[in-house]
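What follows is calculated from the coordinates using simple rules that are stated; it is not laboratory data. Bear in mind that the values here come from a model prediction, so they are computed numbers and not experimental data. Cβ sites come from the backbone with ideal geometry, for glycine too, and all protein chains shown count toward neighbours.
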Amino acid sequence: MDASNIIYLWIPSLILIVAAVDDLKTRKIHNWLVGTCFLVATVSVTLVYGWQGFTSGFVASSLALALTLPLVLVKALGAGDMKIMLAFAMVSQWQIVFWVIIYALMWGAVLGLIKAFIDKRGL
């Protein structure tokens, strides 16, 4: 397994899995976890790809911030979710970040509708 697979497959997956477990257990994503994930993502992408990798991660993180900050401001998304997405984006490419956010919003809407239906029916 080369460094590219570790950087672009394993680290982003690990970030999202660890954040999901933390969120499910405590109903929040802790700042120490976000900071650790962001630091690991930034250092690993910079060590393997240099400034080009750092720049690519910065662009992806900027896109993640632009797409999630409005949702945080209207309280449709938690700030911890936004911050963990920034860590995920730092070690991903902007195209991947865009589609992950779009699919997450779509699944969130579907699950929200299902929950509203169940709550209304008293199931």
- prompt: Nearest 10 degrees, 0 to 90: what angle lies between the long axis of helix 79-90 and the longest principal axis of the chain (Cα atoms)?
  reply: 30 degrees
task: Report, to the nearest 10°, how far helix 94-121 tilts away from the longest principal axis of the Cα atoms in the chain, using its own Cα long axis and a range of 0 to 90°.
output: 20 degrees
message: Suppose a student asked you for the relative contact order of the chain, using Cα pairs under 8 Å spaced at least 6 residues apart; what percent would you report?
response: 30 percent
message: Using a 10 Å cut-off around each Cβ, can you sort Phe117, Phe38, Phe54, Phe88 from fewest to most neighbouring Cβ atoms?
response: Phe117, Phe54, Phe38, Phe88
query: Angle between the Cα long axis of helix 31-73 and the longest principal axis of the chain, 0 to 90 degrees, nearest 10?
result: 20 degrees
- prompt: Which order do Trp32, Trp94 fall in if you start with the one that has the fewest other Cβ atoms within 10 Å?
  reply: Trp32, Trp94
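Arranged by the count of other C-beta atoms within 10 angstrom, fewest first, what order do Thr26, Thr42 take? Before the final figure, lay out each step's value.
Numbers: Thr26 10, Thr42 18.
Fewest to most other Cβ atoms nearby, the residues stand as Thr26, Thr42.
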